[in-house]
Amino acid sequence: MAHLLRERLQPTRTAPATFAGKLPKKHWATLPEADIVPALLREAPSRVRAHAEAAPGDVRALLPPLDAPEAAVRAALRACAACPLHVETTAVPGEGPLGAAIALVGEQPGDAEDRAGRPFVGPAGQVLGATLPRRRPRPRPRSTSPTPSKHFRHRRDGYGKRLHETPDRGHVEVCRPWVVFELQRVRPQVVVALGVTAAHALLGRIVAVGRSRGEVLVRPGGVPLVVGPHPSAVLRAREGSDAVRAHLVATLQQARALAG
Ligand code: URA
């Protein structure tokens, strides 16, 4: 049990007050694994630092030249072993033409994307597809979709089903050179951060999706960036899903207007 607790604790999201609220201290004495909680909380900052510092160098050493052919980029990405997620999952590259006007930056591949090796082919991709324009003839593909974390972080439920787990700060830090590289190759006119993970990875700070609605932020290098909800938030919202979908649609419209 203690090792599970160690594996499952997200060192970037330690909130001792919330933890104590959910598992009141009076019960700690009867839970053998509770012994390690103070140590885990103490270690969390150094785990985050170690994870973030250990590998970015490795990823940068793998990056091919910016003008390398797509196949070389895919091969380099497949060879990336900078984080432990590579053992069980596929690194999924962004897809879309170089020179696409808009880059839609997501979070990480999901179960379907991991199996297919392609971005946004699962339920979140269906939501995203339904919000993109359906005019015929279809406009030249204008968007690309890299993720700040290239591998599917997940856990298994009791039946072996793979359940999404949000990548932690360490995973995103390690992977960040990849998304920066992909954006440098595409050179989009506008970047859309779909959800907090993307916004955090691209801006280096936490940005609230709701509060930044309608704002145009700027990425290093001067590229405009807008933040909207991740399409999976529409699926999770249930009752509020119309509002979240409307926010996503408005964000994509804003990006199209900025891209001219
Ligand atoms: N979520 C993402 O951010 N990207 C995908 O490709 C799938 C789900």
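Worth a mention:
- In the stretch 109-121, the residue that is most open to solvent (accessible area, probe 1.4 Å) out of those that are within 6 Å of the ligand (Cβ to nearest atom) and not in a helix (DSSP H, G or I) is F120.
- Qualifying positions in the stretch 159-197 - of a type in the set (A, V, I, L, M, F, W, C), more than 24 Å from A68 (Cβ to Cβ), surrounded by 20 or more Cβ atoms within 10 Å (Cβ to Cβ) and within 13 Å of the chain's Cα centre (by Cα): V192, A193, L194
- Scanning the stretch 62-108 for residues that are more than 16 Å from the ligand (Cβ to nearest atom), in contact (Cβ under 8 Å) with a residue 12 or more places away in the chain, assigned to a helix (DSSP H, G or I) and farther than 13 Å from V186 by Cβ gives L62, A76, R78, H86.
- Residues that are more than 21 Å from P109 (Cα to Cα) and within 20 Å of the chain's Cα centre (by Cα) within the stretch 227-248 comprise just one, H247.
- Test set (1) more than 16 Å from the ligand (Cβ to nearest atom); (2) open to solvent by less than 20 Å² (accessible area, probe 1.4 Å) - T251 fails condition number: (1)
- Within the stretch 220-242, the set of residues being within 15 Å of A259 (Cα to Cα) and surrounded by fewer than 16 Cβ atoms within 10 Å (Cβ to Cβ) comprises just one member, G222.
- Hits in the stretch 122-134 - residues which are in contact with a helix residue (DSSP H, G or I) (Cβ under 7 Å, 6 or more places away or on another chain), open to solvent by less than 40 Å² (accessible area, probe 1.4 Å) and within 9 Å of the ligand (Cβ to nearest atom): G122, A124, L128
- When L203 is tested against (1) over 15 Å from the mean Cα position of the chain (by Cα); (2) more than 15 Å from the ligand (Cβ to nearest atom), only condition (1) is not met.
- Residues within the stretch 198-209 that are open to solvent by 30 Å² or more (accessible area, probe 1.4 Å) and among the small types (G, A, S), tallied: 2
The values are calculated or read from the model by the stated rules, or taken from the named source; none is laboratory data. Predicted, not measured: the structure shown is a model, and the values here were computed from it. Heads up, the Cβs are rebuilt from the backbone with ideal geometry, glycines too, and the neighbour counts pull from every protein chain shown. Each accessible area value is taken on the protein alone, full model and side chains, heavy atoms only, with ligands, DNA and RNA left out. Shrake-Rupley method; radii C 1.70, N 1.55, O 1.52, S 1.80 Å.
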